Amino acid sequence: MIEIDRVRKEFGDGTDTFIALDDVSVTIRENEFFTLLGPSGCGKTTLLRVIAGFVDPTAGRVTLDGQDLLGLPPFRRPVNTVFQSYALFPHMTVAENIGFGLQMLNRPKAEVKQTVDEMLALVKMTQMAGRRTSEISGGQQQRVALARALAPRPKLLLLDEPLSALDYKLRKEMQLELKRLQAETGITFIFVTHDQEEALTMSDRIAVMNGGQIRQIGGPREIYDRPTDRFVADFIGETNFLAVEVLDFADEQARLRLPSGAEIAAHAPAEGIPRGAATLAIRPEHTSLCDPEGAALKGKLSDIVYFGTDTHYHVALDGDTRFVLREQNQPGGHEARAVGDTVGVRLAPGTGQVLRD
Amino acid sequence: MPDPARRETRNRWLLLTPTLVVLLFAASGPLIIVLIYSFLTPGDYGGVVWKFSLDGWFNVLFNRDFFTDQVTFADAHLSIFWRSIKLSVLTTILTFIFGFPTAYFIATRPRAKRDLWMLLIMIPFWTNLLIRTFAVMELIRNEGTINTLLMRLGIIHEPIQMLFTEFAILLGMTYVYLPLMVLPIYASMERMDFNLVEAGYDLYATRWQVLRRVILPLVKPGVIAGSILVFVPSLGAYVTPRVLGGGTDLMIGNLIELQFGQGRNWPLGAALSLTLLVIVTVALLFYVRTAGEEDSHHG
Ligand SMILES: Nc1ncnc2c1ncn2[C@@H]1O[C@H](COP(=O)(O)OP(=O)(O)OP(=O)(O)O)[C@@H](O)[C@H]1O
Ligand SMILES: [Mg+2]
């Protein structure tokens, strides 16, 4: 279990400081696949580097299984990193790269060899053991980097956007492989990405970061369906935001009045939401088109975009709010609606999440 | 119409001409002259007499007693060769010991500051060699800065004799040739991916192990280049040993100069020059071979 307690990192001096990590606290469980997700520059790499020991935080504590990590130099921490650029040693072979950590730990030769062979098999690189790292492909380098970091059996593996340099297909393949490796080795993974789809498909839990802060921690479903603030809702997936008025709150449900005057119920944060102005976040795929008659929301169809699996309808709601909804395409179905039609938007019961303004 | 392939060939030769001219006249020409001179007879007042003789080469290693015709080793020459090789090797090692951390320091500064640091390293190099050597002399002579300071502080009561010793030559050459070591090491270090250093630390390598197992192998080309750049001119050094070694601790360069000057034995001077060339070549071959071997050993 790794506990990160109010870790703060300021770069620069006196007059010109930049806060890269703003009192970040999170507890990561044993054998968890934990993802840090956030836009570029939000502090993901900095947080990893604090854990690995390459950056000294300005304040805060980091403990691994109760052991204080911050007092230890990087080479004393039972933590390994898969670097974004892989950072394989170019003057060594694949096998030498993988064995490096064990060698530095002074493990007996036979053990090093055995573990290297196991690791080579694990990442399916046995054939390439004697190659130079410059003589293998990007995906293979990625696997070697992974094997090298796993070989010393760290308690914690840090992965900094390890898949970002790979093409789409290889990336999908490696995502599965990473999950398999994590299950097989039982090592805790902290995985950094700015790809939300990757985060949602791979993680046990996700921390969404922005501006050096963790904005929400939760399982993929929770993060997607129940974002707690506007940044998270906006960053992950597509979201429609509607200005609403909260009339009432009870039991994680809020009664809202829409601009159209219609009243609906929506999910709200457990800690409650004050009456008055708020924002309602609605996922495009949780809605469908319907007759304008008696619909909670209605407007004019301004655009229809065909995506193969589904079709996106852009609706200009009364009051000029843009609303996107998504419907799955049916076999042989043909377009029954045209741009300019007046349509209604049906909100399935329980759709939407109320966010504090 | 001229054949395009032939014109291509002709153009290539034309382009090569300046290189060939330089090679012919600047490099091979003097070498051939020196080679011929080494097989001639010395003239009475310097110069050569066009009469074939092996005495020049003979005298590189041996002495023939003028009266008894007895042949002995030329001990003076041998000790000068030995001193030259020893001091050059030591200079190379010392410039490495001081130059490597310097290059590392500069390469790890913020990018904007690196050029400034390199400039500071290079500035002395733009000054005349003689002036720099005299500066060292001023530092270490008996009434010089170091001795005066030590005596004022009461650490010593008699000045330490540093000038006109091998130590003085070593100090002078190390100082003078340091930039030649720093520059190529810095160049390869700047190209080095410092993520690899972090990867080393991450994989449980201590600072020393990272240096030994990651940084050194990666900047090895720079170290080899720097060593050659320092070793070769050190072996032929002339000004520094002359000024700082006094008249007594000669090196090959001084010995050669002596033959063309006071000694009036140009063939011996020519033969000594070629001997120097041979020593340099053999040393370099040996060095590059061992350095390369260690490389393939690791690979
Ligand atoms: N050594 C440093 N000195 C000054 N500022 C730094 C330093 N390292 C990082 N920063 C700043 O801290 C912020 C966070 O950087 P970090 O590398 O953690 O971002 P990131 O979330 O990993 O982004 P990306 O997705 O682009 O990799 C950035 O604004 C960056 O400019
Ligand atoms: Mg990053």
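Where a number appears in this text, it was derived from the coordinates with a stated rule and is not lab data. Note that this is a predicted model, so its numbers are computed, not measured. Because the Cβ atoms are built from the backbone with ideal geometry, glycine has one as well, and the counts that use them run over all protein chains shown.
Some points to look at:
- Calculated [θ] (222 nm, deg cm²/dmol) that DSSP helices of n ≥ 4 give over chain A, each run adding -39,500 (n - 2.57): -7000 deg cm²/dmol
- Given 14 as the ceiling on other Cβ atoms within 10 Å, longest exposed-site-free region of chain B for chymotrypsin sites (Phe, Trp or Tyr not before Pro) in DSSP loops: B:68-193
- Residue by residue, segment A:22-36 carries 3J(HN,Hα) couplings of 10, 6, 7, 10, 7, 10, 10, 7, 3, 6, 9, 9, 10, 10, 9 Hz when phi is fed to the Karplus relation 6.51 cos²θ - 1.76 cosθ + 1.60 (θ = phi - 60°); x denotes Gly or Pro.
- For residue A:131, the residues 5 or more places off, or on other chains, whose built amide H falls under 5 Å of its own are A:94, A:95.
- Per the Debye formula on identical point scatterers at the alpha carbon atoms of chain A, with no solvent, log10 I(q)/I(0) at q = 0.06, 0.08, 0.13, 0.14 Å⁻¹ is -0.31, -0.52, -1.03, -1.12.
- Ranked list, fewest to most other Cβ atoms within 10 Å of each Cβ, for A:69, B:20: B:20, A:69
- Within segment A:3-68, trypsin sites (Lys or Arg not before Pro) in DSSP loop having at most 14 other beta-carbon neighbours inside 10 Å: A:29
- Where labels lie 7 Å past Cα in the beta-carbon direction, separation of residue B:21 and residue B:3 in nm: 2.8 nm
- Taking amide hydrogens as placed 1.01 Å from N in the peptide plane, the amide H of residue A:249 sits under 5 Å from those of A:255, each at least 5 positions away in sequence or on another chain.
- Sparse packing (at most 14 other Cβ atoms within 10 Å of the Cβ) combined with a DSSP loop state is found for the following trypsin sites (Lys or Arg not before Pro) in segment B:1-89: B:51.
- For the listed residue pairs A:9/A:155; A:155/A:179; A:44/B:113; A:124/A:179; A:9/A:44, the alpha carbons are over 21 angstrom apart in A:9/A:155; A:44/B:113.
- For segment A:305-320, 3J(HN,Hα) computed residue by residue from phi via the Karplus equation (6.51, -1.76, 1.60; θ = phi - 60°) reads 10, 8, 10, x, 6, 9, 10, 9, 10, 9, 10, 8, 6, 4, x, 6 Hz, glycine and proline entered as x.
- Inter-centroid distance (Cα atoms) of segment B:226-269 relative to segment A:220-269, Å: 88 Å
- Here r is the Cβ-Cβ distance between residue B:248 and residue B:193 and R0 is 35 Å; the resulting FRET efficiency, rounded to 0.05, is 0.10.
- FRET efficiency estimate (nearest 0.05) - Cβ-Cβ, residue B:36 to residue B:14, R0 30 angstrom: 0.45
- Phi angles of segment B:119-128 translate, via the Karplus equation with coefficients 6.51, -1.76, 1.60 and θ = phi - 60°, into HN-Hα couplings of 4, 4, 5, 7, 3, x, 5, 7, 7, 4 Hz per residue; Gly and Pro are given as x.
- Two-site label geometry, residue A:173 and residue A:290: point separation in nm, points 7 Å out along Cα→Cβ: 4.7 nm
- Distant-in-sequence amide contacts of residue B:62, defined by a placed amide H-H separation under 5 Å and a gap of 5 or more residues or a different chain, comprise B:74.
- Efficiency of FRET from Cβ geometry, residue B:157 and residue A:137, R₀ 60 Å, rounded to 0.05: 0.25
- Folded to 0 to 90 degrees: helix A:94-104 orientation relative to chain A principal axis, Cα: 70 degrees
- For the protein assembly as shown: rounded, prolate or oblate by the Cα gyration tensor [a/c cutoff 1.5]: prolate
- Relative to the dominant Cα principal axis of chain A, helix A:138-150 is inclined by about 70°.
- The angle separating the long axis of helix A:168-185 from the principal Cα axis of greatest extent in chain A is about 60 degrees.
- Computed per residue of chain B from DSSP H runs no shorter than four, each worth -39500 (n - 2.57), the mean residue ellipticity at 222 nm is -23000 deg cm²/dmol.
- Here segment B:83-298 was treated as a single set of alpha-carbon atoms; its pair distances binned every 5 Å from 0 give 1, 7, 12, 14, 16, 14, 13, 10, 7, 4, 1, 0, 0, 0 percent.
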